[in-house]
Amino acid sequence: MARAPARLKGAGIAQWGGMGHLLKHLIEQYGYAIVIGLVFAEGVGLPLPGETALITAAAISAQSHRLSIIGIILASIVGATAGGCGGY
């Protein structure tokens, strides 16, 4: 039976925290624009975390009140509409 490489042995959820931290930082830095961009890119067909960005932005909105939930909803509508048209 094949063994997992040493660098992957014991890899768990904690090691995937880098992407979540990066996404949180980008949303805190760029706000609604990064939400529009990621949802748009996902709608066009690029493998980027558009839905994960929405969840993260909503959590940031609930905790810090730096972003409005209405603004996040509007940003997702704009990104999804533009991405759907671009993907078509």
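Since every read-out is calculated from the coordinates, none of them should be taken as a lab result. Because the structure is a prediction, the values reported are computed rather than measured. Every residue, glycine as well, gets a Cβ built from its backbone with ideal geometry; the counts of neighbours run over all protein chains shown.
Tabulated values for the structure
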item: Subset of the range 44-88 (residues that are surrounded by 16 or more Cβ atoms within 10 Å (Cβ to Cβ), closer than 21 Å to LEU22 by Cα and not hydrophobic (A, V, I, L, M, F, W, C)); result: PRO49, GLY50, THR56, SER61, SER76, GLY79
item: Residue within the range 32-53 that is of a type in the set (A, V, I, L, M), more than 19 Å from GLY86 (Cβ to Cβ) and without any contact (Cβ under 8 Å) to a residue 40 or more places away in the chain present; result: no
item: Among residues of the range 25-79, those that are aliphatic (A, V, I, L, M) and not in a helix (DSSP H, G or I), counted; result: 3
item: Within the range 54-74, tally of residues that are more than 13 Å from the chain's Cα centre (by Cα) and of a type in the set (Gly, Ala, Ser); result: 5
